[in-house]
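J.: Below you will find the structure I want to go over with you.
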Amino acid sequence: MITTSVQLAPDVLMRPAEPADAGGLARAYRRSRDHLRRTEPVRGEAFYTPAGQSERLRFQLAERDAGRVMPWVLVREPGDGAAEPEIAGAITLSQITYGPLCSASVGYWIDAGHLRRGLASAAVTAVCAAADEELGLHRLAAGTLLDNLASQRVLTSCGFTPYGTAENYLHINGAWRDHRLFQKILNDRRP
């Protein structure tokens, strides 16, 4: 498990997710619901509640403890009288696999109020370093909707290269959607 945090911007820290993030994640998902709708699965109403996020975090943290997932949150420190930090996004390594594959998939989202600040690129860069240096992975993979040019720019700016298209890859916004697939080779170490 990775425990280190990374400062992504003067006011935004990327750190491992924890159970206490449920309320902040619920608020961020509600704020960003319209923004994320076209790139996310259809979500039930419970997903947008602290209880729904608490259940989701319990699952993710159990998977983290089993070595299969590593979730982080992007946290904006409170200011101007705010009582608690604000979640500005999240990034997750999933399908962590060792052996001859030594790979994981990366997925991320940024809160609608924090777009165009370079947070996605900074988070992907930090996660690539952690995957290489702390988890010892060889490769990261990611997929984007064909028309998600912003996410494709993030990935290419972080050294990912496209390697194909997967038809009907994920059920997003109510339908099976094609995705452009990207990968980044982190190192040439033996597994």
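J.: Going by what's in this entry, would Arg15 be described as open to solvent by 40 Å² or more (accessible area, probe 1.4 Å), closer than 18 Å to Val127 by Cβ and touching a Phe, Trp or Tyr at 6+ places or on another chain (Cβ under 7 Å)? Give the derivation first.
T.: Working: open to solvent by 40 Å² or more (accessible area, probe 1.4 Å): yes; closer than 18 Å to Val127 by Cβ: yes; touching a Phe, Trp or Tyr at 6+ places or on another chain (Cβ under 7 Å): yes.
Here the answer is yes, as Arg15 does meet what is asked.
J.: Suppose the filter is modelled with pLDDT under 95, within 20 Å of His171 (Cβ to Cβ) and among the acidic types (Asp, Glu); does Asp11 pass it?
T.: Taking the combined requirement at face value, the residue does not satisfy it.
J.: Follow-up. How do the pairs read when you match residues in segment 54-69 that are closer than 23 Å to Cys102 by Cβ with residues anywhere that are of a type in the set (Gly, Ala, Ser), using Cβ under 6 Å and keeping only pairs 6 or more apart or on different chains?
T.: Within 6 Å, the pairs are Val69/Ser94.
J.: Moving on. How about segment 22-66: which helices (runs of 4 or more DSSP H) wholly inside it have at least 1 residues that are open to solvent by 40 Å² or more (accessible area, probe 1.4 Å) and more than 13 Å from Ala112 (Cα to Cα)?
T.: By residue number, 50-65.
J.: For segment 67-86, name all the residues that are modelled with pLDDT of 95 or more and assigned to a strand (DSSP E or B).
T.: Of everything in segment 67-86, those that are modelled with pLDDT of 95 or more and assigned to a strand (DSSP E or B) turn out to be Met70, Pro71, Trp72, Val73, Leu74, Val75.
J.: Oh, and also: So, Gly89, is that one touching a residue at least 40 places away in the same chain (Cβ under 8 Å) and either touching a strand residue (DSSP E or B) at 6+ places or on another chain (Cβ under 6 Å) or among the acidic types (Asp, Glu) (or both) or not?
T.: Numbers: touching a residue at least 40 places away in the same chain (Cβ under 8 Å): yes; either touching a strand residue (DSSP E or B) at 6+ places or on another chain (Cβ under 6 Å) or among the acidic types (Asp, Glu) (or both): yes.
Judged against the criteria, Gly89 is a match.
J.: Okay, next question. Pick out the one residue from Ala142, Ala131 that is open to solvent by less than 60 Å² (accessible area, probe 1.4 Å), touching a residue at least 12 places away in the same chain (Cβ under 8 Å) and assigned to a strand (DSSP E or B).
T.: Ala142
J.: Another question, if that's okay. I want to confirm something. Restricting to segment 157-191 and keeping residues that are modelled with pLDDT under 95 and among the basic types (Lys, Arg), which single residue is most open to solvent (accessible area, probe 1.4 Å)?
T.: By that ranking, first place goes to Arg190.
J.: Now for a different question. Can you say whether Ala112 is touching a residue at least 60 places away in the same chain (Cβ under 8 Å), among the hydrophobic types (A, V, I, L, M, F, W, C), buried (at least 17 other Cβ atoms within 10 Å of the Cβ) and at negative phi, as far as the supplied structure shows?
T.: no
The values are calculated or read from the model by the stated rules, or taken from the named source; none is laboratory data. As the structure is a prediction and not an experimental result, all values here were calculated from the model. Here Cβ is always computed from backbone atoms with ideal geometry, including for glycine, and neighbour counts include all displayed protein chains. Accessible surface areas use protein heavy atoms only, side chains included; no ligands, DNA or RNA. Shrake-Rupley method; radii C 1.70, N 1.55, O 1.52, S 1.80 Å.
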